[in-house]
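Engineer: Submitted below is the structure of interest, expressed as structure tokens.
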Amino acid sequence: HGLSTAWLLEGLAVWLIVIPIALLVFGRRPLHPGRQTTAGGAPAGHAPPAATGWSVRDALRTPMFWVIDAAVAASGMLTTGLNFHQIAALGEQGLTASQAALNFLPQAVTTMTVTIAIGALADKVAPKYGLVVAMLLLAGSLLTLSMVDSMWTALLYGGLLGAAGGSVRTVEAAAFTHYFGTANIGAIRGLATTISVASTAFGPLALSLGQDLTGSYGTTALGLLLIPLTVAVGAVLVRPPQRRGGPAAGTSADRLDHTPA
């Protein structure tokens with residue numbers, strides 16, 4: 001039907017499916033069915049718990065904030081760059097355009113699968129270790145790209161790349177709340193998201209310049225391997241943030257962080 005018609009149909013699908021679900025299913029419902037609620041949705045006579053946590057200024061002074069943000073930025077930058085150049089990069093390794101495009105399927109499958117698994121682990125393990133896993137998966141995808149020589153190795157590459165993206169997004173959502181509380185979580189994550197989105201603009205450019213300089217996407221990917229490995233080392237070494245005189249307010253660091261790191 002043409003590209004313009006396809007976009008039009010997708011836009012109409014959002015209006016006809018997503019918005020009605022948001023209005024009908026996630027409307028103003030009582031927190032406890034059968035109980036009278038206040039305007040804010042809490043049971044009458046019960047005040048909602050006060051949010052606690054770090055200020056944005058204090059969070060910015062901790063190495064942990066920048067390690068989390070570096071992981072998200074590295075994932076955004078490299079994943080975007082690899083996806084933009086996927087047809088050309090895998091074509092350079094001998095795949096057809098159709099085979100290269102098919103690689104988006106394992107990326108989607110592993111993203112969904114790993115998101116569920118990492119989400120469950122995030123409630124039991126300190127998020128910093130989830131960042132390490134995400135960065136190692138991202139490094140593995142960069143390494144595998146230079147080794148693709150068949151459809152099967154291409155599927156492995158796509159699976160690792162999808163798993164890395166699913167991991168870092170899930171861990172990031174838990175990490176900021178875990179380490180910095182909820183009082184200013186919107187401002188903290190908003191700043192981190194701004195940096196992350198800005199990083200995605202450099203991914204396609206880095207792959208293009210690297211390919212121009214080296215003549216190979218695989219060689220470029222090997223050079224970019226240093227980015228996630230450096231972030232992974234930083235995540236291992238950095239200590240959980242603590243306020244002067246005690247742990248971060250609004251977090252459960254004592255429950256989840258059992259190691260000196």
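Engineer: When only C-alpha pairs under 8 Å and at least 6 residues apart count, what is the relative contact order of the range 63-166, in percent?
Structural biologist: 38
Engineer: With r as the distance between the Cβ atoms of residue 237 and residue 102 and R0 = 35 Å, compute the FRET efficiency 1/(1 + (r/R0)^6) and round to 0.05.
Structural biologist: 0.35
Engineer: Would you mind checking which residues have amide H under 5 Å from residue 242's amide H? H placed 1.01 Å from N; only 5 or more apart, or other chain.
Structural biologist: So residue 242 has HN proximity to no qualifying residue.
Engineer: Between residue 173 and residue 23, what length in nm is gained on full extension when 0.36 nm per residue of separation is reduced by their alpha carbon distance?
Structural biologist: 51.5 nm
Engineer: Between residue 14 and residue 198, what length comes free when the chain is fully extended (0.36 nm per residue of separation minus the Cα-Cα distance, one decimal in nm)?
Structural biologist: 63.6 nm
Engineer: Taking the Cβ-Cβ separation of residue 120 and residue 230 as r and a Förster radius of 22 Å, what is the calculated FRET efficiency to the nearest 0.05?
Structural biologist: 0.20
Engineer: Could you compute the FRET efficiency for residue 150 and residue 214, with r as their C-beta to C-beta distance and R0 at 25 Å, rounded to 0.05?
Structural biologist: That gives a FRET efficiency of 0.65.
Engineer: For the range 105-217, rounded, prolate or oblate, judged on the Cα gyration tensor with a ≥ b ≥ c (square roots of eigenvalues), a/c < 1.5 rounded, else prolate if a/b > b/c?
Structural biologist: Oblate, since a/c reaches 1.5 and b/c is not below a/b.
Read the figures in this text as sums done on the coordinates, not as results from a lab. Because the structure is a prediction, the values reported are computed rather than measured. All Cβ positions, glycine included, derive from the backbone under ideal geometry; neighbour counts span all protein chains shown.
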